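Please read the structure below before turning to the comments.
Derivation of every value follows stated rules applied to the coordinates shown; laboratory data play no part. Values in this document were obtained by computation on a predicted structure and should not be read as measured data. As a convention, Cβ positions derive from the backbone with ideal geometry for all residues, glycine included, and neighbour counts pool all protein chains shown.
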Amino acid sequence: MIEQMLPLPYRVIESVVENSDSVTLTLLPAGEALESFAPGQFAMVGLPGIGEVAISISGAAGKYLRHTVRDVGAVSHALAHLPVGAQLGVRGPFGTAWNPHSAVGADVLVVAGGVGLAPLRPVVTTVLGERAQYRRVIVVAGARTPPEYLFQTELDRWAQRIDVELIRTVDRPAPGWDGPVGLVTEPLASLALIGPCTFAFVCGPEPMMTATADTLTAVGVPAEQIEVSMERDMKCGVGVCGHCQLGPLLLCRDGAVVGWPVARGLLAIPEL
Ligand SMILES: Cc1cc2nc3c(=O)[nH]c(=O)nc-3n(C[C@H](O)[C@H](O)[C@H](O)COP(=O)(O)OP(=O)(O)OC[C@H]3O[C@@H](n4cnc5c(N)ncnc54)[C@H](O)[C@@H]3O)c2cc1C
């Protein structure tokens, strides 16, 4: 356990601006590397004297780690502005993982709101890497406005594939936008989902996850086939400090990915 409390030094080798408030950092270990991550897991990423926050893995290859950070507060601001070459501390991997393999032979539905696409990106890349094992692959991605999508180049690539159904929705349109406007739940009705054959992976603001899961269960998707990511504030990452306790769960250990039958009641408890 003590090893998991000690950050390993990593270096920023690339910083890509995603939109007005988010960047994707590619990190390489300065020495020893963390164990490999599973999609949906997170790392505690920190800067001495500033602080440490939980950040999902938005991609990984070999020793490289990719984190997408939205600049919303002190720590995320400092991380989002790190120059190439800067050093930071990384602990992990922590938490539970998405289980895209539960959907082998069935339809995969990914529903993401805003920065929620970051932890879901590895689900999509995993499924596309073994595309023949799944039936439909549907990605519904919401953003506040068109320029605020993460991974725009990758979304364009998915849009061009005939074996991926990508639906982009925005809260507020911009000139040139001819896609849907509204909540990510709205296009779900037009997808003609076959409930028992659909496995859903959902991440975004809590009200969006609740609305999405309610919409899906109403069209017959079993609650057991819906996973959400419960990204409440976390501190230790190893299930010791109790900071992220929610009902019977320590979310850093028993989450962040939680099945809807368990998450449903817990999301009704407001964050302090
Ligand atoms: C498992 C897990 C995975 C996460 N993955 C990511 C990730 O991949 N990328 C990422 O950017 N963040 C992610 N977060 C959120 C991250 O851990 C921090 O909460 C966030 O970066 C804010 O920390 P801060 O110290 O910069 O801001 P704080 O000083 O804590 O907060 C500043 C203000 O921003 C608000 N705020 C906090 N978080 C958010 C948010 N996500 N969106 C809008 N407003 C917010 C707060 O309510 C507060 O008003 C994840 C959290 C968890 C628990």
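Here are some notes:
- Bins of 5 Å, starting at 0 and running to the largest distance - Cα pair percent for region 191-272: 3, 16, 26, 22, 15, 9, 5, 3, 1
- Computed across region 72-141, the Kirkwood hydrodynamic radius from all distinct Cα-Cα pairs reaches 14.6 Å.
- Checking every one of the GluC sites (Glu not before Pro) in region 79-187 against DSSP loop status and a limit of 14 other Cβ atoms within 10 Å picks out Glu130.
- Taking packing as the residue-averaged number of other Cβ atoms within 10 angstrom, the listed peptides 252-265, 211-224 run from highest to lowest as 252-265, 211-224.
- Look at the dipole of the chain built from charges on Cβ: of Pro83, Pro146, Leu28, the Cα furthest out on the positive end belongs to Leu28.
- DSSP bridge analysis restricted to region 116-272 gives an antiparallel fraction near 35%, rounded to the nearest 5.
- In a DSSP loop and with at most 16 other Cβ atoms within 10 Å, the trypsin sites (Lys or Arg not before Pro) in region 141-233 are Arg144, Arg161.
- Summary of the geometry: region 110-155 and region 237-269, compared by the centres of their Cα atoms, lie 24 Å apart.
- Residue-wise HN-Hα coupling along region 34-47, computed from phi with Karplus coefficients 6.51, -1.76, 1.60 (Hz; x: Gly, Pro): 5, 4, 5, 8, 10, x, x, 6, 9, 10, 8, 10, x, 10
- Put simply, the C-alpha atoms of region 9-60 give a gyration tensor, and the ellipsoid matching it has half-axes of 17, 15, 13 Å, longest first.
- Region 188-227 and region 47-72: distance between their alpha carbon centers, rounded to Å: 28 Å
- Point-to-point label distance, Gln152-Ala74, nm (Cα→Cβ direction, 7 Å offset): 3.3 nm
- Panel order for Cys197, Cys203, Cys244, by other beta carbons found within 10 Å of each beta carbon, from fewest to most: Cys197, Cys244, Cys203.
- Calculated log₁₀ intensity ratio I(q)/I(0) where the Debye formula runs over C-alpha points of region 118-202, q = 0.14 Å⁻¹: -0.50
- Amide proton proximity set for Val140, modelled H, under 5 Å, gap of 5+: Val110, Val111, Ala112, Ile167
- Candidates Tyr134, Gly204, Ala192 compared by Cα position along the dipole of region 108-206: farthest toward the positive end lies Tyr134, with charges placed on Cβ.
- Charge tally for Met208 (other residues, Cβ to Cβ under 14 Å; Lys, Arg +1; Asp, Glu -1): -4.
- One quarter of the convex hull surface built on the alpha carbon atoms of the chain amounts to 14.1 nm², the projected area averaged over directions.
- Given charges at beta-carbon only (K, R positive; D, E negative), |dipole| of the chain in Debye: 260 debye
- Summed residue charge, Cβ within 15 Å of Met44's Cβ, Lys/Arg positive, Asp/Glu negative: -1
- Compactness check for region 30-128: Cα Rg over 2.2 N^0.38 Å is 1.15.
- q = 0.21, 0.29 Å⁻¹, region 192-234: log10 I(q)/I(0) [Debye, one scatterer per Cα]: -0.62, -1.01
- Between Thr126 and Ile194, the FRET efficiency from the beta-carbon distance, with R0 = 22 Å, is close to 0.50.
- Calculated over region 135-272: convex hull of Cα atoms, volume per residue (Å³): 132 Å³
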